[in-house]
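The structure appears right after this line, and notes come after that.
The values are calculated or read from the model by the stated rules, or taken from the named source; none is laboratory data. Keep in mind it's a predicted model, so treat the numbers as computed, not measured. Don't worry about glycine lacking a Cβ; one is built from the backbone with ideal geometry, like all the others, and counts go over all protein chains shown. Accessible surface areas use protein heavy atoms only, side chains included; no ligands, DNA or RNA. Shrake-Rupley method; radii C 1.70, N 1.55, O 1.52, S 1.80 Å.
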Amino acid sequence: MRQLSLPVFASLRLAIAALCTLGSVATAHPPPAAAELALRNGAIYTLDGARSWGQAVAIGRGRIVYVGTDAGLAAYVGARTRVVDLHGRMVLPGFQDAHIHPISSGIQANTCDLSDLKTADEYVDAVRKYAAAHPHEAWVTGNGWLMSAFGPGGRARRELLDAAVPDRPVYLSSVDGHTVWVNSRALELAHITAATPDPPDGHIDRDPQTHEPLGTLQEGASAAVDAVLPQPTSAQRIAGLEYAVRLLNGYGITAIQDANVSEEDLKTYRALERRGALSLRVVAAQWWERTEGLEQIARFERLRRQYRSALIDPGTVKIMQDGSVENYTALLLEPYHIPGDGRGFPMVEPQLLKEAVTRLDAAGFQVHFHTIGDGAVRQALDAIAAARTTNGDLGHRHHLAHLELIDPADVPRFRELGAAANFQPLWAYADEYVTQLTIPFLGPERSARLYAIGSLYRSGAVVAFGSDWSVSSANPLEELQVAVTRMDPAGGSTEPFLPQERIALPEALAAFTINAAWVNRLEKETGSIEAGKRADLVVLDRNLFAIPVTEIAHTRALVTLFGGRVVHGDLAAL
Ligand SMILES: [Zn+2]
């Protein structure tokens, strides 16, 4: 399953192309039409089934018409062909991100951004300055704070924000999106008091004596504040998506799976597509509402019909099955190393999950699971198995995202069930989240199995990568470096974290191209550089195979082509 194209056919096609250009079978074929764009003198890593290399690519009508040698390219060059010398630079298929949140992250990028800061004092200072600079915003919103800035458990206090902004509500999402830090005014507007019970899918952090809310709301406990928080306007959504498209094209990304879309988000994508500004292929995962049951499948079908277009595919449903380890909401098979018997909780009751996945599968949907803990992973795999028993293998490519902890007994089940492992490789090194907020609460045995990317690869499962931006950087090159080194891409680490779980560069590149394309149901059209496919390509400033692995994260995308059109950089500057 790792090699998703058919190597025999791919090399046959290249051989035929080479023969044609030599003229030996020219009588059997019409001469090739001149291309609009010809890239020559490059190091083209095609990611075809044979993982072959080329020197040249020719592009016409948005598609790749030739891949091969510079000599073979000549047959595709006509009077109107633009020929560009790559000067030996590397070309890859456009990257595909299999789990990302472009619209909300783009909107957030235009609010109080805490993601470059590290301490509580810096956060409060930034919030104070942002509030002063935006006196007319009814709510002060922001994101990107780290739970690790507040020590184990990550309890940020409302009083810190009250001192900075006493008169307006403040709402700050943590960098991983699982916790919201609010001030007293926001709690008041949401009617959250010492007497408010915890919802079933989250908890309100409280003072142990008085039960007064401290100021952090975990998972579903933020819903009461979300309900009174003003929703972004359609202009803000569009501006957020425009920001995201520019950023992603700038990293060489040409296709994504948006891991949480509402109808408003689908409208936003459509608005950009209609004016030709959506230079991304988008698989839109519709959000499973935990407050609703199977009846919501009718809405998913309606939205799939209504919003499917050339660039938008709403044929996926996202089910969030647990939370995160850092706030003890990830579902584990055995308890956390904390007082009591806590092992997290399933967001969707397991029997309902089986019914939901079976029904979604039968209705032609792919299911994209959020699964962090080994308990959630098992429940998701059990649900896929139940769907198979009822429906047979319909080939809908269900996938499990995040996969922080997988029980060894479940590793082979991915391949057996045709489920893809969707990792966020940037999380797979020993940063403070891992050393301070994870390892102490899982203990040494389970911590020796975190982010088992190598194990899943060796099991024969399809491994795809995504960023989860804005949880972490959307730059695939940073993520690729961590996948092959298991070390801090900024250079802080001296030892790889669980080195047996590293994967080699070709495998990591496949996870961000052809394998992610398979998860996105786009592998027939994109994900590798082969004649007939869409011309979604990225030109890098260095050859990833010719540099030390610690330089991968510093590599830049010079030019991105989307359907043969330049959407980032300048071919004339190469
Ligand atoms: Zn996500």
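Some observations on this one:
- Pairwise label distance in nanometres, Glu445 with Ala298, each label 7 Å out on the Cα-Cβ vector: 4.9
- Extension gain, Thr69 back to Arg206 (0.36 nm per residue minus Cα-Cα distance, nm): 42.7 nm
- With the convex hull drawn over the C-alpha atoms of segment 277-316, the volume per residue is 69 Å³.
- With a simple spin-label model that places each label point 7 Å from the Cα along the Cα-to-Cβ direction, the separation between Arg275 and Asn41 comes to 4.0 nm.
- Looking at segment 267-332, the GluC sites (Glu not before Pro) that sit in a DSSP loop and have at most 15 other Cβ atoms within 10 Å of their own Cβ are Glu289, Glu292, Glu295.
- Entry note, the chain: the mean residue ellipticity at 222 nm calculated from DSSP H runs of n ≥ 4, each adding -39500 (n - 2.57), is -9000 deg cm²/dmol after division by the residues and rounding to the nearest 500.
- Accessible solvent surface per residue of the chain, calculated while the other protein chains remain in place, 1.4 angstrom probe, Å²: 39
- Protein accessible area in the chain, 1.4 Å probe - carbon and sulfur %: 55
- Whether segment 33-147 is rounded, prolate or oblate, judged on the alpha carbon gyration tensor where a/c under 1.5 counts as rounded: prolate
- For the chain, the longest principal axis of the Cα atoms and the long axis of helix 296-307 meet at an angle of about 40 degrees.
- Nonlocal amide H pairs with Gly60, under 5 Å, H built at 1.01 Å: Glu36, Val65
- Other residues whose C-beta falls under 9 angstrom from the C-beta of Val165 contribute a net charge of +1, scoring Lys and Arg +1 and Asp and Glu -1.
- Sites Glu495 and Ala33 - FRET efficiency at Förster radius 56 Å, r taken between beta-carbons, to 0.05: 0.55
- Directionally averaged projected area (convex hull, Cα atoms, segment 324-447), nm²: 7.6
- The lysine pair count for the chain, using Cα distances under 24 Å and pairs eight or more places apart or on different chains, is 5.
- Counted charge near Ser493, where neighbours are those whose Cβ lies closer than 11 Å (Asp, Glu -1; Lys, Arg +1): -2
- Here the Karplus relation 6.51 cos²θ - 1.76 cosθ + 1.60, evaluated at θ = phi - 60°, turns the backbone of segment 254-270 into coupling constants of 10, 8, 9, 10, 6, 7, 6, 10, 9, 5, 4, 5, 4, 4, 5, 4, 5 Hz, with x for every Gly and Pro.
- The chain: proportion of alpha-carbon pairs further apart than 47 angstrom, %: 13
- Selection from Val83, Gly177, Gln209, by position along the positive dipole direction of segment 81-224 (Cβ): Val83
- Cβ crowding within 10 Å averaged over residues, with 372-381, 79-88 ranked highest first: 372-381, 79-88
- For segment 431-574, the spread of Cα positions along each principal axis, largest first, Å: 52, 31, 29
- Net charge of neighbours whose Cβ lies under 14 Å from the Cβ of Val348, counting Lys and Arg as +1 and Asp and Glu as -1: -3
- Mean Cβ count within 10 Å, highest first, over the residues of peptides 40-51, 476-487, 398-409: 476-487, 398-409, 40-51
- Here the chain is treated with +1 on each Lys and Arg Cβ and -1 on each Asp and Glu Cβ, and its dipole about the Cα centre works out to around 2480 debye.
- Taking a point 7 Å from the Cα of Arg168 along the Cα-to-Cβ direction, the residues of segment 116-144 with backbone N closer than 19 Å to it are 123-144.
- Which of Ile552, Phe512, Ser459, positive extreme of dipole for segment 437-574 (C-beta unit charges): Ser459
- Magnitude of the charge dipole for segment 299-419, about its Cα centre and with charges confined to Cβ atoms of Lys, Arg (+1) and Asp, Glu (-1), is about 760 debye.
- Put a plus charge on the Cβ of each Lys and Arg, a minus charge on the Cβ of each Asp and Glu, and nothing anywhere else: the dipole of segment 149-247 about its Cα centre is then about 280 debye.
- Length available on full extension from His554 to Asn110: 0.36 nm per residue minus the Cα-Cα distance, which gives 157.3 nm.
- Computed over segment 211-289, the percent of Cα pairs more than 22 Å apart is 37.
- Spin-label model, Lys129 to Gln436: label points 7 Å out along the Cα-to-beta-carbon direction sit 2.2 nm apart.
- Acute angle (nearest 10 degrees) that the helix 350-362 long axis makes with the longest principal axis of the chain, alpha-carbon atoms: 30
- For segment 452-495, the Cα gyration tensor yields ellipsoid semi-axes of 20, 15, 7 Å (square root of five times each eigenvalue, largest first, whole Å).
- Two-site FRET efficiency, Glu188 against Arg80, from Cβ-Cβ distance with R₀ of 60 Å, rounded to 0.05: 0.35
- The convex hull of the Cα atoms of segment 290-393, projected and averaged over all directions, covers 7.7 nm².
- Rule-of-thumb Rg ratio for segment 91-176 [Cα; 2.2 N^0.38 Å; N residues]: 1.26
- Residue-span extension gain [Leu571 to His87] - 0.36 nm each, minus C-alpha spacing: 173.1 nm
- Unit Cα scatterers, Debye sum, segment 508-568: log10 I(q)/I(0) for q = 0.30 Å⁻¹: -1.18
- Across all directions, the average flat footprint of the convex hull enclosing the Cα atoms of segment 153-297 is 11.2 nm².
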